[in-house]
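Below you'll find the structure I mean.
No lab work stands behind these numbers, since they all come straight from the coordinates. A quick note: this is a predicted structure, and the numbers were derived from the prediction, not measured. Note that each Cβ is placed from the backbone with ideal geometry, even for glycine, and that neighbours are counted across all protein chains shown.
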There are 2 protein chains.
Amino acid sequence: MRRRKPNKDLSDLLAADIRAGVYSPGSWLKQIDLQRRYDASRSEIRKSLETLFTKRIIRYEPNRGYYVHREDGAATDEIRDIRIMLETSAAEVMVEKVQQDQINGLYTLAQRFVDQIRSDKIMEIYETNIAFHTALLATSGNASLVDLISELRLRTPPAPASQWSSYARIEKSGQEHFAMVDALADKDAARLKAVIRAHIAQSDN
Amino acid sequence: MRRRKPNKDLSDLLAADIRAGVYSPGSWLKQIDLQRRYDASRSEIRKSLETLFTKRIIRYEPNRGYYVHREDGAATDEIRDIRIMLETSAAEVMVEKVQQDQINGLYTLAQRFVDQIRSDKIMEIYETNIAFHTALLATSGNASLVDLISELRLRTPPAPASQWSSYARIEKSGQEHFAMVDALADKDAARLKAVIRAHIAQSDN
DNA sequence: GTGCTCAATATTGGCACCAATTCAGCAAAT
DNA sequence: ATTTGCTGAATTGGTGCCAATATTGAGCAC
C-alpha cells in the first residue's frame, strides 16, 4: 500500500498514476481498491474520482463506477487543435508583454531540457518540458490560460513520457524550444507561431 | 422545495441557479440547505459541489465548505481573452468547413434572436443567444471546442442575462449575429474574426 | 467599553452499514 | 445450440451517526 504525502492532492496523484499507465485503459477504478492503494477514506476517493471525471480524465457510468478512458483518436486531435489555436494566439500577446528576465528563464529551461536528454530519466525530461511550456505561456500574462492548457494537456491520451516516440524527436523538441525563445526575444510573432504550431502538431510534448 | 427533473443533472441545475443569482456572491452553499432545496441525497450534493468546484464555478475551503465565487475582474478579463483567442482562431476553420445547411440554421437562430428582443423574456433571449453561438462554433467541426467554450462561458461572472447592459446593446448583438453569418457565408475569415472579436469584447453574450 | 477565554452551536467530513443495481455463471427450457 | 430466467456475488450509492473543525456569543477580568 502506498502512502501519500499529506500535502499532495489525491486527485493529482491518481491522475499521475493513470497517466503513467498504472491502470490499463478501460479498467474499472474500484473504490475499495483505491481506498487501500492510497490509504484514503471513501469520501476522499469519491471526491477525487468525481474531480477527474469533471476534468474528463476518466469516465463514469451510474451504478457501475469510474473507468479509465479508452483513447479516442478524434477527441485527441480536437484537443491538439485547440491547443494550437490557444498557444499560437497567445504568441501575439507574448511578444508584446514578455520581459527580459522571463526570456532568460526560458533559455535556462530550454538548456536544462537538452542537458537532460542524454540521461534517461524520462520523468525528469518530461517535467522540464512541461516547465518550459508553462513558463513560455506565462509570458502572456494570462494565468487562466496557463491553467487551462495544463488541464487540456491532461486530457490528452494517457501515454506520454513513458513511450516518447523517438530519441530523434526529443532532440528536435529541444531545438524547437530554443527556436521559440529566439523568436520570442526577436518579438517575431509570425515565426513564434509557426514554431509553436509545428511543435504541438508533433504532439509529443 | 423544488423537485428536480430526473434527467437533468443536479450540478447543471445548481450552476443555473447560481448564474441566475439565487445565491448571492460570497454566500455559503450549506449542504443541508441544498439537500432540502433540491430534494437530493447528501452524496449527490457533495458530488455536484465538487463538480462545480472543479469547473471553477464555486470555491471551496476545507472544513468550511463551498461558497459562491466573488466576482474577480482580472480572471474575468482573462477568460474573455481566451474566448477571443479560441473563437477567432476557430473562424479560420469555420469558413473552410461550413456547410450550407448550417448557414441556413444560423440565419434562423439570428432571426429568432432579433424577434425575441421585443419580448422581455430575458431567459429565452439568453438561451437563443447561446444556441446561436454554439451552432456557430459547431461549424468548426470541433466538438471538444464547443464543450470547452460552454464551460468557459460558465466561469464568467454570475450576472448574465439578469442584467444585460442595455437594450441598445442587445440590438447591436442581434446585428452582429447577422454580420457573423454573412461573413461566414462569404468565407471571409478576416471579417468574421473582426466581428467575433468585437462581439465577445462587449462580453454581453 | 475592550479584549480574552471558554463553552455552546453549527457545519463539514469520515465511517460503517444497508439498499439498490449490475453482472456473471449456470441451469432449464425450447 | 441458443435463449431465458434465476441466483449469488460484487460494487456502487444512500443514510444515519459521530468526530473534527470552525464560528458565535456569553461571561469575565481589566
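Provide the per-residue ³J(HN,Hα) series for segment B:72-77, in order, calculated from phi with Karplus coefficients 6.51, -1.76, 1.60 and θ = phi - 60°, each as a whole number of Hz, with x at glycine and proline positions.
Each residue of segment B:72-77 in turn: 10, x, 4, 4, 4, 4 Hz.
Which ³J(HN,Hα) values, rounded to whole Hz and listed in residue order, are derived for segment A:78-95 from phi using the Karplus coefficients 6.51, -1.76 and 1.60 in 6.51 cos²θ - 1.76 cosθ + 1.60 with θ = phi - 60°, glycine and proline given as x?
4, 4, 4, 4, 4, 4, 4, 4, 5, 6, 6, 4, 5, 3, 5, 5, 4, 5
Now for a different question. Tell me, rounded to the nearest percent, the portion of alpha carbon pairs in the protein assembly as shown spaced more than 27 Å apart.
I get 58 percent for the Cα pairs in the protein assembly as shown exceeding 27 Å.
Also: For segment B:139-150, what does the Karplus curve 6.51 cos²θ - 1.76 cosθ + 1.60, with θ = phi - 60°, yield as ³J(HN,Hα) per residue in whole Hz, taken in order and with x for Gly and Pro?
The phi angles translate into 5, 6, x, 10, 5, 4, 5, 4, 4, 4, 5, 4 Hz.
What does the extension gain come out to for A:D17 and A:D147, with contour length at 0.36 nm per residue minus their alpha carbon separation?
So the extension gain works out to 44.8 nm.
Of B:K97/B:K193; A:K30/B:K47; A:K97/B:K172; A:K55/A:K97, which ones are farther than 27 Å apart at the Cα?
As for pairs spanning more than 27 Å Cα to Cα, those are A:K97/B:K172; A:K55/A:K97.
On a 0 to 90° scale, report how tilted helix A:167-185 is relative to the longest principal axis of chain A, with both axes built from alpha carbons and the result rounded to the nearest 10.
50 degrees
Mean residue ellipticity at 222 nm from the helices of the protein assembly as shown, using -39,500 (n - 2.57) per DSSP H segment of n ≥ 4 over the full residue count, to the nearest 500 deg cm²/dmol?
Mean residue ellipticity, 222 nm, calculated: -22000 deg cm²/dmol.
Please work out, to two decimal places, the log10 of the ratio I(q)/I(0) at q = 0.15, 0.17, 0.23 Å⁻¹ from a Debye calculation in which every Cα of segment A:9-102 carries one identical scatterer.
Relative scattering, expressed as log10 I(q)/I(0), comes to -0.69, -0.78, -1.13.
How high is the relative contact order of chain B, in percent, counting Cα pairs under 8 Å that sit 6 or more residues apart? Could you put the intermediate results ahead of the total?
Numbers: 210 pairs, mean separation 51.8, N = 205.
For chain B, the relative contact order is 25 percent.
Extending each Cα 7 Å along its Cβ direction at B:D9 and A:A74, get the distance between those two points in nm, one decimal.
Output for this residue pair reads 1.9 nm.
So what's the convex hull volume per residue for the Cα atoms of chain A, in Å³?
Working: hull volume 26.3 nm³, N = 205.
Normalising the Cα hull of chain A by residue number yields 128 Å³.
Tell me the distances, shortest first, between A:D17 and the same position across the other copies, using label points 7 Å along Cα→Cβ, in nm to one decimal.
In ascending order, 3.5 nm.
Then there's this: Tell me, which longest segment in chain B has none of the trypsin sites (Lys or Arg not before Pro) that fall in DSSP loops with at most 12 further Cβ atoms within 10 Å?
Here the longest run is B:122-186.
Something else: Tell me which aspartates and glutamates have Cα within less than 12 Å of B:K187's Cα, excluding those fewer than 8 residues away on the same chain?
Filter leaves B:E92, B:E96.
Treating only the Cβ atoms of Lys and Arg (+1) and Asp and Glu (-1) as charged, compute the dipole magnitude of chain B about its Cα centre; round to the nearest 20 debye.
Once rounded to the nearest 20, the dipole reads 940 debye.
Next question, about the same structure. What is the angle, in °, between the Cα long axis of helix B:189-202 and the longest principal axis of the Cα atoms in chain B? Nearest 10 is fine, range 0 to 90.
With rounding to tens, the tilt is 40 degrees.
Please report the net charge: other residues with Cβ closer than 14 Å to the Cβ of A:L184, K and R +1, D and E -1. Before the final figure, lay out each step's value.
Working: positive: A:K97, A:K187, A:R191, A:K193; negative: A:E87, A:E92, A:E96, A:D101, A:E176, A:D182, A:D186, A:D188.
After counting each charged neighbour, the total is -4.
Next up: Taking 30 Å as R0, compute the FRET efficiency from the Cβ-Cβ separation of B:Q99 and A:E96 and round it to 0.05.
0.20
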